[in-house]
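Beneath this line is the structure, given in structure tokens, with notes to follow.
The values are calculated or read from the model by the stated rules, or taken from the named source; none is laboratory data. All values derive from a computational prediction rather than experimental measurement. When we count neighbours, we look across all protein chains shown, and the Cβ atoms used for this are built from the backbone with ideal geometry, even at glycine.
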């Protein structure tokens, strides 16, 4: 096995596998490593809006994902206090359907898709322990292989695609540029026998201090997310002791006047309820001398905005374009980093800011309730609201439209 590569990617899930495929297609020699082994699950809401499906189709992997039988959807039902927003996600790049596919399928299929390329070599159960350096420039990794042997691999660039607790980010010394702690605990479970009222859709509820999210997913299941304030220590303690029972109690008490709560009574858990007790919405320095970050290693944001999967794929594809425009020889790290940071900021920062707002447990003001009712009542505003989430338009476009409506 060779020990010298163009790019080493640490983390082989959606961000890392996407980058490995894109670079392999371009002829780069890639080493893709992961501390785990596929297929394996990970705590995630794993939703892909139709703009992300457009990227998957361009990669030639969408048909493999659809072959799992995971249902697609194109509608949303959003209840924000007394405002009910119902509509269809705007089409993006010819794609109208969204997909919430389980990570056991998604990550394995993307990993195998990347590894099918001759330029991509993969190592599973490989744990990075250090970065190699020549002066200030990162030149490779040192790690432990599955058999316990310590080895070194060299590359012109090392990429951290290893999640929100990224080892590469820490070893590289990437600066944290923004960090907004959430006010919520977040729990996720899979359920069978949950029926939606019409065709498959995503459901989102924010009533008082509680949030619930539903997506149709693989294996004839629905994934249900539940969020409540971290400050409710008694509830968090009870959830630890008996997660499913308390999960159901919170849904019935918090959303009891909705059809969601009634339909959920008939659903049966298809596995354990898993939770995340506190997290930061963060944004880190994206590139330095010999290293770069993509996906959650770069920026983790509140799962309620559903942007993690898109940002993983987008940052991977953007990094490939940055490398293509500068080449792999005689790196101009400052120029490359500036281009990468600038384009990431333009594309991903608006919804990062939305996530930072959503992660705060602050009641809607009377003015915001009025705006939500306005969005619900006008199809153009509904389309622009849903279009924020699939990048058909930005939050600014929705704000301008609301301003026009209020001024009439």
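Looking across region 60-89, the residues that are part of a loop (DSSP other than H, G, I, E, B) and closer than 17 Å to residue 306 by Cα come down to 74, 89. One residue stands out in region 306-328 among those that are part of a loop (DSSP other than H, G, I, E, B) and in contact (Cβ under 8 Å) with a residue 24 or more places away in the chain: the one that is farthest from the chain's Cα centre (by Cα), namely 328. Counting the residues of region 38-59 that are within 21 Å of residue 311 (Cβ to Cβ) and either assigned to a loop (DSSP other than H, G, I, E, B) or touching a residue at least 60 places away in the same chain (Cβ under 8 Å) (or both) gives 14. The residues of region 138-160 that are on the phi > 0 side of the Ramachandran plot and surrounded by 13 or more Cβ atoms within 10 Å (Cβ to Cβ) amount to a single one, 140. Just one of the listed residues (218, 174) is closer than 30 Å to residue 5 by Cα, in contact with a helix residue (DSSP H, G or I) (Cβ under 9 Å, 6 or more places away or on another chain) and touching a residue at least 24 places away in the same chain (Cβ under 8 Å), namely 174.
Restricting region 90-103 to residues that are in a loop (DSSP other than H, G, I, E, B) and free of Cβ contacts under 8 Å to residues at least 60 places away in the same chain, the residue that is nearest to residue 43 (Cα to Cα) is 97. Restricting 244, 257 to those that are more than 26 Å from residue 350 (Cα to Cα), part of a helix (DSSP H, G or I) and either assigned by TED's automatic domain parsing to the domain that holds residue 294 or out of contact with any helix residue (DSSP H, G or I) (no Cβ under 9 Å at 6 or more places or on another chain) (or both) reduces the list to 244. Given the criteria surrounded by 16 or more Cβ atoms within 10 Å (Cβ to Cβ), in contact with a helix residue (DSSP H, G or I) (Cβ under 8 Å, 6 or more places away or on another chain), farther than 30 Å from residue 364 by Cβ and modelled with pLDDT of 95 or more, does residue 17 qualify? For residue 17, the condition - surrounded by 16 or more Cβ atoms within 10 Å (Cβ to Cβ), in contact with a helix residue (DSSP H, G or I) (Cβ under 8 Å, 6 or more places away or on another chain), farther than 30 Å from residue 364 by Cβ and modelled with pLDDT of 95 or more - is met. Evaluation of residue 247 against the conditions (1) touching a strand residue (DSSP E or B) at 6+ places or on another chain (Cβ under 7 Å); (2) surrounded by fewer than 17 Cβ atoms within 10 Å (Cβ to Cβ) shows that the sole unmet condition is (2). The number of residues in region 287-304 that are surrounded by 22 or more Cβ atoms within 10 Å (Cβ to Cβ) and under 17 Å from the mean Cα position of the chain (by Cα) comes to 11. Residues that are buried (at least 24 other Cβ atoms within 10 Å of the Cβ) and at positive phi: does region 3-10 have at least one? There is no residue in region 3-10 that is buried (at least 24 other Cβ atoms within 10 Å of the Cβ) and at positive phi. The set of residues in region 379-399 that are crowded, with 16+ Cβ neighbours inside 10 Å and either more than 24 Å from the chain's Cα centre (by Cα) or in a loop (DSSP other than H, G, I, E, B) (or both) comprises 381, 390, 391, 392, 393, 394. When region 358-369 is filtered for residues that are assigned to a helix (DSSP H, G or I) and touching a strand residue (DSSP E or B) at 6+ places or on another chain (Cβ under 9 Å), the ones remaining, listed by number, are 358, 368, 369.
Within region 21-37, the only residue that satisfies the criterion of being in a loop (DSSP other than H, G, I, E, B) and within 21 Å of residue 62 (Cα to Cα) is 26.
Only one of the numbered conditions (1) touching a residue at least 60 places away in the same chain (Cβ under 8 Å); (2) over 30 Å from residue 169 (Cβ atoms); (3) out of contact with any helix residue (DSSP H, G or I) (no Cβ under 6 Å at 6 or more places or on another chain) is not met by residue 269, and that is (3). When residue 34 is tested against (1) under 25 Å from residue 271 (Cβ atoms); (2) more than 14 Å from the chain's Cα centre (by Cα); (3) buried (at least 22 other Cβ atoms within 10 Å of the Cβ); (4) free of Cβ contacts under 8 Å to residues at least 60 places away in the same chain, just one condition goes unmet, and that condition is (4). Annotation for region 104-121: at least one member residue is over 17 Å from residue 59 (Cβ atoms), surrounded by fewer than 22 Cβ atoms within 10 Å (Cβ to Cβ) and touching a strand residue (DSSP E or B) at 6+ places or on another chain (Cβ under 6 Å).
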